[in-house]
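Please read the structure below before turning to the comments.
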Amino acid sequence: MGLSVRFLVRRALYAVLTFFIALLMIFIIPRLIAVSPVEIIAASQQLPPSVIKLLTAQFGLDKPLYIQFLLYIKNVVFTFPPNLGFSYEYYPQSVWSMLVISLPWTLFLVGSSVAVSAFVGTMAGLYAGMNRGKALDKLLTYTSMATQSMPYFWIAIMFQIILAVVLRLFPIGGAISITDTSPVMSLEYIQDVLYHAMLPMITIVVATTPVYAIIMRNTLADIIREDYMVAGEAKGLRKSRLYYKYGLRNGILPIVSLIAVHFGYVVGGALLVEIVFSYPGVGTLLFNAILSHDYPMIQGVFYILGITVIGANFIADLIYSYIDPRIRYS
Amino acid sequence: MATTIADIRGLSVTFPSKKGTVRAVDAVDLSIEEGSIFGIAGESGCGKTTIGLSLLGMIREPGSVEGTIAVNGKDVTSLRGEERRLFRWKEVSMVFQGAMNSLNPVSSVGEQITEVIIDHTGGTRKEAMNRAADLLRKVRLPSDILRRYPHQLSGGQKQRVVIAMAIALSPKLIIADEPTTALDVVSQEHILRLLKEVVKASGSTVVIISHDLSLIADMCDRLAVMYLGRIVESGRAQDVLSSPAHPYTRALIDSNITLDKRGKKVESIPGYPPSPINLPSNCRFSGRCPFATNECFDSEPPASTLEDGRVVYCYHPRHGNEGK
Amino acid sequence: MKIRESKLERLFRTESGTDTFLKKLLMSRGGMTGLIILCALAVISLLSSVIAPYSPYAIIAKPYLSPSSVHLFGTDGLGRDIFSQMIYGTSLSLEIGFVSAIGITTIGTLVGIVSGYVGSYVDEVLMRFVDVMLVIPSIAFMIFVSTIMGPGVISVLTVIIVFGWPPMSRMVRSQVLSLKKRGFVESAVVSNSTKPFILFRMILPNITSLILANALLAVIYAIIADASLAFIGLASTTSYSWGTVLYNAQVEGAIYHNGILWITLPGLAIAVTGIAMTLLARAFGDITDPRYSTEGR
């Protein structure tokens, strides 16, 4: 177990490092491109003097850059709740208070979609990879070519037109019915939430399942040539055992790390899908913030996205180290 | 006369490739007696592993098999589905070349031995575990190896595990493909001694596939020498090795001696074998053979049987060490 | 690994170079299809001013007209011809796609080669940075940067390139690493060939087709990224790409104004371009590495 801990510590340090680089980017990019954040804001908006004052104080613009960065770190990392400033659009609401409302919706949407598509994709990729050149394999190759060539949000629009506007199977947008007055977490409420989440989920699942499937298939293309695979077949093992204990167990390792890497891509796409369906997650929050030049909010959204994606990657590392005996016992 | 456990008639195995059809094995006849140790010798790529795999019915698409292979009275080429699955390992098992890679890296040794037993004979996990511990004892490994994963074992330990696995179902025939490559000299010794001992105890027939003639001389009763998918000479091991009749066999022996005496291969056999695609219809060794005459370049030599029962495919079979 | 290397070697060393490559490309069904689509798109964008009946900006009819023989795809919310917008959009989308792909390929290849060839701490630092870039949701950060830079073609190109090169550098690096261990490169190192010679005459030629395949995929990545930025109002407002047309269709409520074609076509155009690029890239990839191929063997 010794090395396993070392592996995890290394990955944790790595996650922290990534997080700080992301923070640095969030902090430095506006300052690199424009003269100062306040200027960008002031140029784009009529601001009440109180807000300008507040901003100048918040950014500490009279201090050297590294001090500003340290202040920023202090505010967003070592303060709880993180001090991400105030939204202009919804002043005096703090950015954090808005994020706390939106983030669960996004996590729910992305989490459940990724769970479904990772499962379906891995299975489809497993069967396609074990039966190369057969019907499922071909279907998969072409589907993935098509879905990966389409903008995520356009797929959302198409589903919206077909399933919501024309067939009226699902609501056009939103997360809950305006008329829904049932108490939170009651059965009716949950049904309503699922009903509204269906279209965005379907979109994300359709767009990402082939990605996972193709990764699994190509991983198997290598695995199937491995000696242990040939040996497994020669041993006359049951098909299910060959598929799951040999193909899946070996192929799942690269899949887990790739799912983690792809998580950012999925989240990025989900933001746009949220916009199409007016889903009240961080994507829609971001969209509105962009429209109203609400810079602290925009920064806040990226802050929270950074944490989410890096956190998801770290969790993937944990899973990886658990399922790979080469790391678990060394 | 002893009974024949495996009988191969007119076996050809071909694989399509972009540049033409590769004939990995070409019109091979072999019969292996029950309880014997049979050797197949030849350079890498001569088709010896392919023969091993075809005995298990393991020629994968797009490869195709012609001819008949009978093992224990069963026609291997016609086996399909569940019947074939149960035939594999129960009747013929294999010690794969490079034991290192033939173990599933994400399963423990115990899991890998028990899964074979359970998938073939049913029974509970506990029974299978007991049997697995038993098998490990036979190959002289402590039973705590059962809980280990392949990456935690040494090369020699893995090789023992693989042998334990091969005898797990007491098959009639065990194929050992280069059983000692990638092992150090000491482990090689141990593994060979173990293999011999285990085989004697189980009464299985063994086919040893190797490029190493001294290994085959050590272990085998009979042997076949292969070159480019064909058998060039076959017979009793001591006859063939003490007085090779085919020039290729002699070249192979010479190259082995060089290897032994100086510790490294100085020169083996001059020239390269021709590509196994679109093979010529003459003697395949003619291009590299010091004794080749016109007829060797023109047509394929037929089989001739020598007085000691050996079969040689050569126009100029030579006896003893004459001409040396 | 072995298979890829030997194929590469056969492709570039024993058979002489590009003409066999082109022949192989044309002989594969997918590659041919991709090439034809790409050529058609190129013709449309080169002749856009001839093909398009109207200026994409000119208000020439009533708003929200349904498709007709005069206005093939109808008119938008201001009464502008959508067909003309799509034609001009082809040109800008392809430009953005190819310019970005060139940028991505150049940076990605350079970083990959330096990282793989120099190795040691240079490699360590560069690849750590690439790891970070890969983890960060690139679309989101593109949005972030564009909001600060403001909308426009330059800002779109910049963010696409800045966030697009890391995967490419990863791929190039791993190829360089595996080539470095190959006999012919090692012997060149031993025989004191100059570094530029080894890099540009020995390593680069051997990874050209893989780089090209990935460059083609970068084109569609860039077109989609542009459309995504356009979709939230961050692309150019003064010129038309397919993304802009889609954005307009969305904000002007095409769904409710018989604008099914209007909102469907830009996405379809992107999808068709993407499929063409993928087919071409795959044909390139199959020629060098047939392992993942579905067509034959």
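The values are calculated or read from the model by the stated rules, or taken from the named source; none is laboratory data. Computed from a predicted model, the values in this text were never measured in an experiment. Please note: Cβ atoms are built from the backbone with ideal geometry, for glycine as well, and neighbour counts cover all protein chains shown. Heavy atoms of the whole protein, side chains included, go into the accessibility calculation; ligands, DNA and RNA do not. Shrake-Rupley method; radii C 1.70, N 1.55, O 1.52, S 1.80 Å.
On the basis of the beta-carbon distance and an R0 of 22 Å, residue A:13 and residue A:257 show a calculated FRET efficiency of 0.80. Spacing of the modelled spin labels on residue B:154 and residue A:28, each 7 Å from Cα toward Cβ, amounts to 5.2 nm.
Determine the sum of side-chain charges near residue A:160: Lys and Arg each +1, Asp and Glu each -1, restricted to other residues whose C-beta is under 14 angstrom from that of residue A:160. Intermediate results must be reported in sequence, preceding the final value.
Working: positive: A:168; negative: A:274.
Neighbourhood net charge equals 0.
Note that the stretch C:69-188, at 20 °C in a medium of 1.002 mPa s, gets a Stokes-Einstein diffusion coefficient of 126 µm²/s from its Kirkwood radius over C-alpha pairs. Note on the protein assembly as shown: Cα-Cα pairs beyond 37 Å make up 58% of the total pair count.
Amide H contacts under 5 Å for residue B:227: B:232, restricted to partners 5 or more places along the chain or on a different chain, H placed in the peptide plane at 1.01 Å from N. In angstrom, the C-alpha Rg and Dmax of the stretch C:141-297 are 20.8, 72. Note on the protein assembly as shown: helix-only mean residue ellipticity at 222 nm, from DSSP H runs of 4+ residues weighted -39500 (n - 2.57) and normalised by residue number, equals -19500 deg cm²/dmol. When the charge dipole of chain A is built from unit charges on Cβ atoms (+1 for Lys and Arg, -1 for Asp and Glu) and taken about the Cα centre, the candidate among A:197, A:262, A:214 whose Cα reaches farthest toward its positive end is A:214.
Computed on the Cα atoms alone, the convex hull of chain A gives a volume of 187 cubic angstrom per residue. Look at the stretch C:260-272: the mean tally of other chain Cβ atoms within 10 Å of its residues' Cβ atoms is 3.
Using only Cα atoms and rounding to the nearest 10 degrees, what angle (0 to 90) does helix A:249-276 make with the longest principal axis of chain A? Helix A:249-276 sits roughly 40 degrees off the main axis of chain A.
With loop defined by DSSP as not H, G, I, E or B, and exposure as at most 15 other Cβ atoms within 10 Å, which is the longest segment of chain C clear of exposed GluC sites (Glu not before Pro)?
Of all site-free stretches, the longest is C:16-294.
Normalised by the number of residues in the stretch A:43-191, the average gap of Cα pairs under 8 Å and 6 or more apart makes the relative contact order 6 percent.
Considering only alpha-carbon pairs that sit under 8 angstrom and 6 or more positions apart, the relative contact order computed for chain C is 27 percent.
Taking a temperature of 10 °C and a viscosity of 1.306 mPa s, what whole-number D in µm²/s does Stokes-Einstein yield for chain B with Rh from Kirkwood over alpha carbon pairs?
Numbers: Rh = 20.7 Å.
Translational diffusion coefficient: 77 µm²/s.
Taking all protein chains in place and a 1.4 Å probe, what share, in percent, of the accessible surface of the protein assembly as shown do carbon and sulfur account for?
On the way: 25560 of 40850 Å².
Here it works out to 63 percent.
Can you give the accessible area per residue of chain C, in Å², using a 1.4 Å probe? Don't skip to the end; give the middle numbers.
Values: 12460 Å² over 297 residues.
Each residue of chain C exposes 42 Å² on average to a 1.4 Å probe.
Legend: residues B:7, A:294, sorted from most to least accessible area (1.4 Å probe; ligands, DNA and RNA excluded), read B:7, A:294.
The residues of chain A expose on average 43 square angstrom of accessible surface per residue, using a 1.4 Å probe on protein heavy atoms. Take each residue in A:220-227, count the other chain C-beta atoms within 10 Å of its C-beta, and the mean is 3. Let me check I've understood the local charge: for residue C:59, count other residues with C-beta under 11 angstrom from its C-beta, Lys and Arg +1, Asp and Glu -1. What total comes out? Neighbourhood net charge equals 0. Amide H contacts under 5 Å for residue B:205: B:35, B:173, B:174, restricted to partners 5 or more places along the chain or on a different chain, H placed in the peptide plane at 1.01 Å from N.
Please report the orientation-averaged projected area of the stretch A:209-323, defined via the convex hull of its C-alpha atoms, in nm². Could the numbers behind the result be given before it?
Numbers: hull surface 35.4 nm².
Mean shadow area of the hull around the Cα atoms is 8.8 nm².
Using only alpha-carbon positions in chain C, the gyration tensor eigenvalues give semi-axes of 42, 23, 14 Å once each is multiplied by 5 and square-rooted (largest first).
The HN-Hα couplings worked out from phi for the stretch A:193-205 by the Karplus form 6.51 cos²θ - 1.76 cosθ + 1.60 (θ = phi - 60°) are 4, 5, 4, 6, 7, 3, 4, x, 5, 4, 4, 5, 5 Hz, whole numbers, x standing for Gly and Pro.
Quick one: net charge of residue C:160's neighbours, Cβ under 14 Å, K/R +1, D/E -1?
Working: positive: none; negative: C:95, C:226.
Residues near residue C:160 contribute -2 overall.
Between residue A:181 and residue A:293, the simple label model (points 7 Å from Cα in the Cβ direction) yields a spacing of 4.2 nm.
Can you compute the label reach from residue B:181? Point 7 Å from Cα along the Cβ direction, backbone N cut-off under 13 Å, restricted to the stretch B:68-110. Label zone hits: B:96-102. Work out which GluC sites (Glu not before Pro) in chain B are exposed loop sites (DSSP not H, G, I, E or B, at most 11 other Cβ within 10 Å) and give the longest gap free of them. After excluding every exposed loop site, the longest remaining stretch is B:1-266.
The relative contact order of chain A comes to 29 percent, based on Cα pairs under 8 Å that sit 6 or more residues apart. The accessible area of residue A:145, taken with all protein chains in place and a 1.4 Å probe, comes to roughly 10 Å². Hey, how much of the P(r) for the stretch A:129-264 falls beyond 18 Å, as a percent of Cα pairs? So the portion of pairs separated by more than 18 Å is 67 percent. Interface size, chains A and B: roughly 2400 Å² of accessible area buried, both sides included, 1.4 Å probe, rounded to the nearest 100.
Directionally averaged projected area (the stretch A:55-147, Cα convex hull): 10.3 nm². Here is the interface size for A with C: some 4400 Å² of accessible area buried, both sides summed, with a 1.4 Å probe.
Calculated accessible area for the stretch B:10-146 comes out at 39 Å² per residue, all protein chains present (probe 1.4 Å; ligands, DNA, RNA ignored).
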